[in-house]
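J.: Questions regarding the structure given below will be posed in turn.
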Amino acid sequence: MPSLGEPRALFDAPCEGGASAVHTEDKRVHVKTFGCQMNVYDSERMGEALGADGFRNTDSPEDADLVILNTCHIREKAAEKVYSELGRIRAMKVERQRLGRDTVVVVAGCVAQAEGAEIIRRAPVVDLVIGSQSYHRLPALVARIRAGEHGIVETEFPEEDKFEHLPQRADPVRGKRAPAAFLTVQEGCDKFCTFCVVPYTRGAEVSRPVEQILAEARRLVAQGVREITLLGQNVNAYHGRGSDGRPCSLAMLIRALAGIEGLERLRYTTSHPRDMTDELIDAHGREPKLMPYLHLPFQSGADRILAAMNRKHTAAEYLALVDRIRQARPDIALSTDVIVGFPGETDDEFEATLEMVRKVGYAQAYSFKYSPRPGTPASTLDSVVAEDVKAERLKRLQDLLDAQQAAFSTSLVGRVLPVLLERAGRKPGQLVGRSPYLHIVHGDAAPELQGSIVPMEIVEARANSLAGVIKGL
Ligand code: 5AD
Ligand code: SF4
């Protein structure tokens, strides 16, 4: 992402290019995931659906009979990056063909949704283009391709609910499931911020029914999961059908999930300020399993720009919201998304953005230079801010955000925090976990403690993580 502000890396950034996968003796699949946590979740579900159909994971695309690119459209030149990746896959497919092995190539995710048949026209190596609402059809579509079909485009929003048709969360192939899991509860967005492609690629807001979510959560917990992050493009607009048939809010869903024994921690992301209801804010004060961390994008500190972005809130309303959230949960750590250089943004309006950051104080933030996305209303605006001005603004913003992030991490040194130990560290004898505030925490710990929440004294704040020592076990 050369010209965009990179996510700060203290917490897991959206895992661009992260590979996950699934596979069998004779059929192997490699899933390469770009973008946000929802794509990570979707890749897992696709892998599990194919797993039920006899495919096994491989981390190396060269060994894969099926390669899936699960793409993201939110970054600049997203489609171009997919085409260049497809160029590499084409060369690999030719090489495999020479050895008498075929490779099925699938493009999934938001670029698939946005580009549709154009992908097959520009990259004939692609056998299937599939939108995110059709993943339950993947095994059947792949079978059709393996039987000789080519060039299938499946980007309609189908009638049926994909979640009803996907297999249950599969038992992990090797050992236990990681103790922290994602669970998508809501998809799509009706907000139509003028800079954003999501309402076009992911479609209208849809919420999963409560019982479906509870069943998936119970299954994850039975497989060893202790922490669940509820996902949605606009997760706090969640309004799924409750067990009694009536609409259920995110706060009600959180309460129901908190009742699951063995599930110790809950988080949710991403939220829109307009949908932070009093009920949800109260939940932060009342529900101990809800972690004290909230990602709440504000995008700009200037009301004129917020209106041009169609954000539906002012700077003062956002600040008042933060006050209410902090009253309910004084230790809450906030993170945010900010865009600099939206068309027409003046120096003073950028200063208002810096002022907002100073007033709120963030533990973590993702900041971006505005760049036009094809098809969005803002892309037709011509009062473009010069690249060098955008770059300079981004630098000033990131310096401020870095300083706030470092100050927050340093303030935790000497404190004892409950840390969920998630995985083995790089160094022998070390485990890596998460603080309640979503920091990565490294520390010496016996391997059998993986999956436990242990008290750790924070002894050092590093650039992208904390170091801790287990206390009183
Ligand atoms: N330009 C810059 N940043 C963008 N984002 C979304 N669209 C654009 C764009 N056109 C950022 C927003 C959003 C985050 C996921 O990506 O800050 O919250
Ligand atoms: Fe995009 Fe705005 Fe919806 Fe977030 S709320 S997904 S930025 S349209």
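Since every read-out is calculated from the coordinates, none of them should be taken as a lab result. Treat the numbers as computed from the prediction; the structure is a model and nothing was measured. Reconstructed Cβ throughout: ideal geometry from the backbone, glycine too, with neighbour counts over all protein chains shown.
J.: Assuming R0 = 41 Å, can you tell me the calculated FRET efficiency for the pair F157 and D444, based on Cβ-Cβ distance, to the nearest 0.05? Mind showing how you got there, number by number?
T.: On the way: r = 50 Å, r/R0 = 1.21.
The pair F157/D444 has a calculated efficiency of 0.25.
J.: Take peptides 96-104, 274-282, 414-422 and line them up by average Cβ neighbours within 10 Å, highest first, as a rough protection proxy.
T.: Details: 96-104: 12.9, 274-282: 16.3, 414-422: 18.6.
Most protected by this proxy first, the peptides run 414-422, 274-282, 96-104.
J.: Another question about this same structure. Go through 449-458, 292-301 and give me the packing order, highest mean Cβ count within 10 Å leading. Write out the running numbers ahead of the final one.
T.: Working: 449-458: 19.2, 292-301: 22.8.
Descending packing order for the listed peptides: 292-301, 449-458.
J.: Which whole-angstrom value gives the distance between the alpha carbon centres of the stretch 398-418 and the stretch 142-221?
T.: Here the answer is 35 Å between Cα centres.
J.: Same structure, new question: Which FRET efficiency value, to the nearest 0.05, is calculated for A117 and D323 with the Förster distance at 35 angstrom and r the Cβ-Cβ distance? Walk me through the numbers on the way to the answer.
T.: Numbers: r = 50 Å, r/R0 = 1.42.
With a Förster radius of 35 Å, E is 0.10.
J.: Can you list residues from other chains, or at least 5 along the same chain, whose modelled amide H is less than 5 Å from the amide H of E422?
T.: Residues meeting the amide H criterion: V432, G433, R434, G451.
J.: With θ set to phi - 60°, apply the Karplus curve 6.51 cos²θ - 1.76 cosθ + 1.60 along the stretch 419-431 and write out the HN-Hα couplings as whole Hz, x wherever there is a Gly or Pro.
T.: Going residue by residue, I get 10, 7, 7, 9, 7, 5, x, 6, 7, x, x, 10, 10 Hz, with x marking Gly and Pro.
J.: Just to be sure I understand the model, the point goes 7 Å from the Cα along the line to the Cβ. What's the resulting D190 to Q430 distance in nm?
T.: Modelled inter-label distance: 4.8 nm.
J.: Here is a further query. Among rounded, prolate and oblate, which fits the stretch 27-154 when a ≥ b ≥ c are the square roots of the eigenvalues of its C-alpha gyration tensor, a/c under 1.5 means rounded, and a/b larger than b/c means prolate? Mind showing how you got there, number by number?
T.: Numbers: a/c = 1.39, a/b = 1.14, b/c = 1.22.
Since a/c stays below 1.5, the shape of the stretch 27-154 is classed as rounded.
J.: For the stretch 221-264, what class follows from the C-alpha gyration tensor (a ≥ b ≥ c being the square roots of its eigenvalues): rounded when a/c is under 1.5, otherwise prolate if a/b is larger than b/c, else oblate? List each step's numbers first, then the result.
T.: On the way: a/c = 2.61, a/b = 1.51, b/c = 1.73.
Note, shape of the stretch 221-264 comes out oblate.
J.: To continue, here is another question. The stretch 53-104 to the stretch 276-336: how many Å between their Cα centroids?
T.: 40 Å
J.: Given a Förster distance of 22 angstrom, what is the FRET efficiency for R219 paired with E164, based on the Cβ-Cβ distance and rounded to 0.05? Write out the running numbers ahead of the final one.
T.: Values: r = 15 Å, r/R0 = 0.68.
After rounding, the FRET efficiency stands at 0.90.
J.: Would you pull out the residues with amide H under 5 Å of A365's amide H, same chain only if 5 or more places away, H placed 1.01 Å from N?
T.: It is R8, T336, by chain and number.
J.: Excluding S207 itself, calculate the net charge of residues whose Cβ lies under 10 Å from the Cβ of S207, where each Lys or Arg counts +1 and each Asp or Glu counts -1. Numbers along the way, then the final one.
T.: Numbers: positive: R208, R241; negative: E187, E205.
Residues near S207 contribute 0 overall.
J.: Above 43 angstrom, tally the Cα pairs of the chain and express them as a % of all pairs, no decimals.
T.: Details: 15210 of 111628 pairs.
Beyond 43 Å sits 14 percent of the P(r) for the chain.
J.: A further question follows. In whole Å, what is the distance between the alpha-carbon centres of the stretch 421-460 and the stretch 121-135?
T.: Distance between centres, Cα-based: 40 Å.
J.: Now, a different point. List every residue whose amide H lies under 5 Å from the amide H of R56, counting only residues 5 or more places away in sequence or on a different chain, with H placed 1.01 Å from N in the peptide plane.
T.: H23, T24, K27, R28, V29
J.: Hey, rough spin-label estimate for E261 and R274, points 7 angstrom out along Cα→Cβ, what's it come to in nanometres?
T.: It is 4.3 nm.
J.: Using only the Cα atoms of the stretch 416-470, what do you get for the radius of gyration and for Dmax, in Å?
T.: 9.6, 28
J.: Applying the Karplus parametrisation 6.51 cos²θ - 1.76 cosθ + 1.60 with θ = phi - 60° to the phi angles of the stretch 38-55, what ³J(HN,Hα) value in whole Hz is obtained for each residue in order, glycine and proline being reported as x?
T.: Karplus values, whole Hz, x for Gly and Pro: 5, 6, 4, 4, 4, 4, 4, 5, 4, x, 5, 4, 6, x, 5, 9, x, 7.
J.: Once phi is turned into ³J(HN,Hα) by the Karplus curve 6.51 cos²θ - 1.76 cosθ + 1.60 with θ = phi - 60°, what whole-Hz value does each residue of the stretch 360-365 show in order, with x for glycine and proline?
T.: Coupling constants for the stretch 360-365: 7, x, 10, 7, 6, 7 Hz.
J.: Suppose each label sits 7 Å from its Cα in the direction of the beta carbon; what would the A407-A140 distance come out to in nanometres?
T.: Result for the modelled spin labels: 5.7 nm.
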